Amino acid sequence: MVASLRRNRALWITAAIVLLVLFWMTRRYEPKVTASILLSGLTLGSLYFLMGSGLSLIFGLMDVLNLAHGALFMIGAYVGFTTYANPRLILNMLPLALALLGGAMIGRWLGGFLPPTLKRGWANRALLAALLLLSLALAVIGLRAFDLAPLAAATATATGGAVATELAQEASGVYLPRIALLAGAGVLLGVALTRLGKAEARRRARAQTAIVGLLVLGVAFAIVPLRSPVEVFLLGLSTNARFLLALLIGVLAGAGLGGLIEVSLIRPLYGRPLYQILLTLGLGFALTEMVKSVWGTPGYYMDIPAFFASSGDNCPSPNLLAWFSDHCQSISVLGRPFPSYRLFIIALGVVMFVAILLLLQRTRLGIIIRAGVQDSEMVQALGINVRQIFTLVFAIGTGLAAAGGVAAAPFLGVNLGLGAELQLQALISVVIGGMGSYIGAAVGALLVGFARAFGDQLVLAGIHLPWAEDVVRMSPSIARASTVLIMALVLLIRPSSSRCSPASRSMRARPSSGREWSSRCSSWRCTP
Amino acid sequence: MPNILEVDGIHTFIGQFHILEGVSLAVPQGSITALLGRNGAGKTTTLRSIMGLNPPREGAIRYAGEPIQGKTAFQIAAKGIGYVPEYRAIFRALTVEENLKIAERQKGDLAKRSDLIFELFPDLKRFYRLPGGQLSGGQQQMLAIARALVPDNRLLLVDEPSEGLAPIIIEAIVAALRQLASHATVLLVEQNFRMASMLADRYYILDDGQSVHSGQMADLVNDRPLITKYLGAGYAGTPVTPTPERSN
Ligand SMILES: Nc1ncnc2c1ncn2[C@@H]1O[C@H](COP(=O)(O)OP(=O)(O)OP(=O)(O)O)[C@@H](O)[C@H]1O
Ligand SMILES: [Mg+2]
């Protein structure tokens, strides 16, 4: 890891440019302006890192460029925000989602009992199509006229405050059948998924799966009567506690959804990179549409939790130490106020960076991941179930993105464009840092964050050209373009691409297609 | 001696290429069996088929009497089969220690085997905390073999351990493999015929994806026509009398 950093010329060149700019900045701007640009850069960099580290880990280990990563970031923001502002919306959706999941687990187990004569040929395809159609039909019936819009609208008006509990409540006579129908849809989907898999997946799923599925179903039904008391309890909590809970639920939602996506959609496509890219790209759109159908098109503002939101006579806090006792909305940095919540974003990024670094360096899982980045097939040949590790890493990566989403919600707002914008910046930062390198992802994210913050400043203040009287003003899109420019520069000066020595070709664990490594040595992968 | 491994007429495809067209072999427990053949004969593919990395489409593979074809690679490995691939596929970013640790199947495997490993390969002890990528080719090969020794493997599939190594290092590896044979059965793919003849008790010859010949190594070394026919003229030049045990 360190060695790859040492070899990564692109990273150093970018770093040199940044240092030059920094030097220029200190001469040009007052220190307080420089400091606030740097802090803004750190904030953005932290978010880019939370996105990019997952992208990079997933790409490094399994060669999947997950273009749905931004959508999961956005889902983290939405789920976190909703947990924070209007838990009823989550509580209404949760049983339905759990029913689908539990049903699918039971279905996978049931699928193992289907007669083996159906294993191939048109009969199997017809069965598969019928199952999927039926499953879809049940889900559609189950969700018919299931209206969350009033709840979502309630969030829009009463941000952070208590929401009328009885809003959009359905009678159990309507709600319980919905759950049952979705469980049925899940069962059919599970059976279909069993047929879809390769021989190995078609093997009888263990009875444990079905038992866990039953438990999940039970939980789904058990939540129904608990929704009201839980909501009252949650809204009675302090905003700080609710924010932490939002972070937790957001991460769980992101990681769970990510794991599910890997198992059900990406796994069948290992070894077919083009299909995977198309799949994740499409998935990003689909997830965005799903979010739109629940939360609608308008964006939301999430209140900053009280811990970062006091405003008294003594605000802004004169320094960090004072802030710890007065929790002011902003802290004075060299005389310029800086929103204190952004320090939380920075801290979250740092904590996650260290946590994942420790995981990678100090644990057996980390050793396996680092080995798998080079050669997952050999890891498999040592008796390690690499597929499980893939799922886990995918879930960790999407969970990190979702954490970023929750953290970004009070800062950037919650809206449908949130994921796409951050995904682009994170992709750029990962390309700069070297695809698949974890530390590279962190450094790249910082560089892009600084570039972006600096670009914003240029747009804000304009540029004084020595020969011109007036300040030259630029359009805000320049700020966004600045990071793309850096990437273009990096790609241009990056040393020639393919360093695929025979020993570095990593052969993917892929049951039948074997060792077609030539197509896999894409130029950007082998460089770092 | 019972056979620890039996391969029965396997057919393996890579993409749409039919690579193995009926390979059969039997490896008696406790032996070193050599798998010989020209470049491209299908030796590596045979080992990969056994490991489940290129699962055969037809035929049967039995390990200790139990069919293993169709199982995934990690399940096959977990049954006690170690794989030392071509080009010493060690993990370059991992230290020597981590390279060995990752092969543990149970906690403490490495601790149990480290004495044996360090005795066979003292270099690995010296460079214990160095990244695998910084080792020399020979040391990397030693690491790859040592890695297969960490868990309690009963069968080792070793693919061309001498490839690209200096004679003196080959000697060390021969000595190690010989010691190894007292712990596990070895199926050895080797282009260096002299080395193969020094180590192996039995041999199989692959040609064009088929197993065409087998027998006792002692008979093969004196059968120049057979060697020339299947292994190429190049082999005829190598001294074919097995050297006596290396005297230290
Ligand atoms: N990915 C691949 N795609 C197509 N053909 C392949 C692929 N890998 C190997 N082959 C072919 O399969 C045949 C057997 O290859 P294999 O690597 O098993 O030979 P080998 O006996 O190990 O040779 P060597 O002594 O050179 O290592 C060769 O003809 C090779 O060209
Ligand atoms: Mg070979």
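If you take the Cα centroid of the stretch B:172-195 and the Cα centroid of the stretch A:288-324, the two points sit 66 Å apart. Across chain B, the mean sequence separation of Cα contacts (distance under 8 Å, 6 or more residues apart), normalised by length, yields a relative contact order of 25 percent. Taking a point 7 Å out from the Cα of B:His11 in the direction of its Cβ, the residues of the stretch B:46-84 whose backbone N falls within less than 20 Å of it are B:46-62, B:68-71.
If you plug the beta carbon distance of A:Leu281 and B:Phe118 into 1/(1 + (r/R0)^6) with R0 = 45 Å, you get a FRET efficiency near 0.30. With all protein chains in place and a 1.4 Å probe, the accessible surface of the stretch B:87-152 carries 48 percent carbon and sulfur. Loop sites by DSSP among the trypsin sites (Lys or Arg not before Pro) of chain B, restricted to those with at most 16 other Cβ atoms within 10 angstrom, leave B:130-245 as the longest stretch without any of them.
If r is the Cβ-Cβ distance from A:Ala16 to A:Ser172 and R0 is 60 Å, what FRET efficiency results, to the nearest 0.05?
Details: r = 65 Å, r/R0 = 1.09.
Step by step, r from the Cβ atoms, then E = 0.40.
Amide H contacts of B:Gly215: B:Tyr203, each under 5 Å away and 5 or more positions distant or on a separate chain (H built 1.01 Å from N in the peptide plane; Pro and chain starts excluded). Between A:Glu469 and A:Leu269, full extension at 0.36 nm per residue minus the direct alpha carbon distance yields a gain of 66.1 nm. For the protein assembly as shown, the Cα-based Rg and Dmax, in that order, read 30.4, 100 Å. Under the convention that each Lys and Arg Cβ holds +1 and each Asp and Glu Cβ holds -1, the size of the dipole of the protein assembly as shown around its Cα centre is about 460 debye.
Partner aspartates and glutamates whose Cα lies under 16 Å from the Cα of A:Lys292, excluding those fewer than 8 positions away in the same chain, are identified as A:Asp147.
Rounded, prolate or oblate: which fits the stretch A:373-457, taking a ≥ b ≥ c as square roots of the Cα gyration tensor eigenvalues, rounded meaning a/c under 1.5, else prolate when a/b beats b/c?
Working: a/c = 3.61, a/b = 1.77, b/c = 2.03.
Judged from the Cα gyration tensor, the stretch A:373-457 comes out oblate (a/c at least 1.5, b/c at or above a/b).
Helix-only estimate, please: 222 nm mean residue ellipticity of the protein assembly as shown, summing -39500 (n - 2.57) across DSSP H runs of length 4 or more and dividing by its residues, to the nearest 500. Mind showing how you got there, number by number?
Details: 31 runs with 460 residues, N = 776.
The helix contribution divided over the protein assembly as shown gives -19500 deg cm²/dmol.
Taken about its Cα centre, the stretch B:87-152 carries a charge dipole of roughly 140 debye when the Cβ of each Lys and Arg holds +1 and the Cβ of each Asp and Glu holds -1. Of the residues B:Gln106, B:Ala144, B:Leu130, the one whose Cα sits farthest towards the positive end of the charge dipole of the stretch B:87-152 is B:Leu130 (charges of +1 on Lys and Arg Cβ, -1 on Asp and Glu Cβ, taken about the Cα centre). When the alpha carbon coordinates of the stretch A:315-449 are projected onto the principal axes, the ranges are 61, 33, 23 Å, largest first.
Extending 7 Å from Cα along the Cβ direction at B:Gln29 and again at B:Asp201 yields two label points whose distance is 1.2 nm.
With only alpha-carbon pairs counted, each pair once and no self-pairs, how large is the Kirkwood hydrodynamic radius of the stretch B:1-117 in angstroms? Don't skip to the answer; put the middle values down first.
Details: mean 1/r = 0.0634 Å⁻¹.
One over the average 1/r among Cα pairs gives 15.8 Å for the stretch B:1-117.
Using R₀ = 41 Å, calculate the FRET efficiency as 1/(1 + (r/R₀)^6) where r is the Cβ-Cβ separation of A:Arg28 and A:Met93; round to 0.05. Using R0 = 41 Å, I get an efficiency of 0.20.
Give the shape of chain B as rounded, prolate or oblate, defined through the alpha-carbon gyration tensor: a ≥ b ≥ c are the square roots of its eigenvalues, a/c under 1.5 means rounded, and otherwise the shape is prolate if a/b is larger than b/c and oblate if not.
Working: a/c = 1.68, a/b = 1.20, b/c = 1.40.
Oblate shape, in that a/c is at least 1.5 and b/c is the bigger or equal ratio.
Dipole orientation for the protein assembly as shown: of the candidates B:Pro2, A:Trp295, A:Gly186, B:Pro2 has the Cα lying most toward the positive pole (charges on Cβ; Lys, Arg +1; Asp, Glu -1).
Rg of the Cα atoms in the stretch B:87-152, relative to 2.2 N^0.38 Å, amounts to 0.96. Would any residue of the stretch A:233-251 have its amide N under 11 Å from a label point 7 Å out along Cα→Cβ of A:Val351? List them or say none. In the stretch A:233-251, the label zone of A:Val351 (backbone N under 11 Å from the point 7 Å along Cα→Cβ) covers A:244-245, A:247-248. Listed cross-link partners B:Lys43/B:Lys101; B:Lys43/B:Lys71; B:Lys79/B:Lys107; B:Lys43/B:Lys107 are compared with a 22 Å cut-off, the Cα-Cα value being larger for B:Lys43/B:Lys101; B:Lys43/B:Lys107.
The values are calculated or read from the model by the stated rules, or taken from the named source; none is laboratory data. Fair warning: this is a prediction, and the values are worked out from it, not measured in the lab. Methodologically, a virtual Cβ is constructed for each residue, glycine included, from the backbone with ideal geometry; neighbour enumeration extends over all protein chains shown. Heads up: the accessible areas ignore ligands, DNA and RNA and are worked out on the full protein's heavy atoms, side chains in. Shrake-Rupley method; radii C 1.70, N 1.55, O 1.52, S 1.80 Å.
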